[in-house]
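First the structure, in the form of structure tokens, and then the observations on it.
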Amino acid sequence: MTVVCGDSPLIKFLRDYQQKREQQKRELLRKLPDPAQLQVALATWLETPLGKRLLEAESKQLNPVLSRIFGYHILQISSSNSTELLSESPVGHKISFAPDYVADIKQPVADAEALPLTSGSVDAVLVHHALDFTPDSHRLLREATRVIMPGGRLLIIGFNPISSWGLSKYLRWSRNAPWNARFITASRVTDCLKLLEFHVESVSYGAWVPPVNHAGLMRHTEKFERLGDRFQLPLGGLYMIVATKQVFPLTPVVRRWPRLLPTVIVRPVTEAAPLAAPHRQGRTSVVPHSDSTRAATNKSPGRKSRFVKTH
């Protein structure tokens with residue numbers, strides 16, 4: 001009998017799937033721009049009429065939530081160092097890292113996927129379009145959740161692919177910022193947050209304007225914004241996710257040792273009288289003295305016994 005040794009179909013499928021994922025990741029890395037070029041391109045685009053309207057829509061969704069978050073430290077993770085969205089937060093210490101060094105801006109530089117912060121040291125984290133421009137979104141989410149303390153808040157703002165903005169990404173010939181972003185769906189992000197033991201409080205949408213960079217058209221888009229904010233259909237150009245970090249406390253199981261009772265030594269005070277034997281007909285039984293019999297016995301000097309015989 002000949003036995004052919006080889007990989008099983010499941011192993012081949014897993015190997016092909018891993019190679020396909022690595023190839024997709026390499027292609028994504030080639031499409032994503034350099035962090036230094038990206039922050040310059042985003043800063044330039046945010047100065048356009050469409051970029052300013054996007055920031056207004058984000059601030060409208062973000063400021064009511066930021067005003068209700070209290071603590072000592074709040075962190076903003078963004079792909080551009082020119083966007084400051086934490087001005088309405090009552091938290092005193094606001095932290096923001098630049099993705100790359102810029103000579104004119106004095107700001108600390110750090111990788112968003114490897115933050116130089118202690119675990120559980122930040123009260124809230126704002127992820128502003130950082131998931132749209134990172135090759136490894138799971139790693140960035142794990143790093144953001146790591147630095148949040150138990151009960152802290154996580155705010156995520158991203159581009160919605162199920163919108164006119166997502167459609168415009170695939171219809172454009174040039175893939176300049178922000179149209180070279182990944183456009184991850186809000187449902188995918190919420191599924192990852194649930195796996196990281198986060199409770200998703202709300203998912204809201206904004207930026208109902210069409211993605212046309214025209215100043216004259218922007219003046220007539222307020223009606224779209226009012227209708228979109230009223231009905232909150234999941235068709236806005238951006239989404240904002242608010243989640244809370246949940247940590248379930250562990251109660252240690254302590255072994256209960258048996259309680260040791262103290263040793264008690266009992267000493268008899270008086271001698272107990274023996275029990276009377278059952279009376280049988282034709283035999284002599286011994287019964288204890290009664291009070292009258294004991295008194296009569298004590299008067300007789302010659303008798304020492306404590307019992308009397310009865311027939």
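The values are calculated or read from the model by the stated rules, or taken from the named source; none is laboratory data. All values derive from a computational prediction rather than experimental measurement. For neighbour counting, all protein chains shown are included, and Cβ atoms are generated from backbone atoms with ideal geometry for every residue, glycine included. Calculation scope for accessible area: heavy atoms of the full protein, side chains included, ligands and nucleic acids excluded. Shrake-Rupley method; radii C 1.70, N 1.55, O 1.52, S 1.80 Å.
For segment 73-232, build the charge dipole from Cβ charges (+1 Lys, Arg; -1 Asp, Glu) around the Cα centre, then report which of 128, 86, 109 sits farthest towards its positive end.
Going by the Cα projections, it comes out as 128.
What is the antiparallel percent of DSSP beta bridges lying wholly in segment 46-170, to the nearest 5? Walk me through the numbers before you get to the answer.
Working: 1 of 17 bridges.
Beta bridges within segment 46-170, antiparallel portion: roughly 5 percent.
Using a Förster distance of 41 Å, how high is the FRET efficiency between residue 55 and residue 13, based on the Cβ-Cβ distance and rounded to 0.05? Present the calculation step by step, with values, prior to reporting the outcome.
Numbers: r = 45 Å, r/R0 = 1.11.
The value I calculate is 0.35.
Less than 12 Å Cβ to Cβ from residue 122, Lys/Arg counted +1 and Asp/Glu -1: what total charge do the surrounding residues give?
Cβ neighbours under 12 Å give a net charge of +2.
Give me the accessible area per residue for segment 157-225, probe 1.4 Å, as a whole number in Å². Before the final figure, lay out each step's value.
Numbers: 3780 Å² over 69 residues.
Per residue, segment 157-225 has an accessible area of 55 Å².
If you roll a 1.4 angstrom probe over the protein chains with everything in place, what fraction of the accessible area of segment 97-199 belongs to carbon and sulfur, to the nearest %?
Here it works out to 55 percent.
For segment 37-135, with only Lys/Arg (+1) and Asp/Glu (-1) charged at the beta-carbon, what is the dipole magnitude about the Cα centre, in debye rounded to 20? Intermediate values should be presented prior to the final figure.
Working: 6 positive and 11 negative charges, 55 e Å.
Roughly 260 debye for segment 37-135.
What's the magnitude of the charge dipole for segment 139-220 around its Cα centre, counting Lys and Arg as +1 and Asp and Glu as -1 at the beta-carbon? Answer in Debye, nearest 20.
300
How far apart, in nm, are the 7 Å Cα→Cβ label points at residue 260 and residue 195?
That separation, rounded to one decimal, is 5.3 nm.
About the Cα centre, and with charges only on the beta carbon of Lys, Arg (+1) and Asp, Glu (-1), how big is the dipole of segment 96-145? Nearest 20 debye, please.
Using only the charged Cβ atoms, the result is roughly 100 debye.
Count charges around residue 147 for me, please; just the other residues with Cβ under 11 Å from its Cβ, Lys/Arg as +1, Asp/Glu as -1.
Net local charge, residue 147 excluded: +1.
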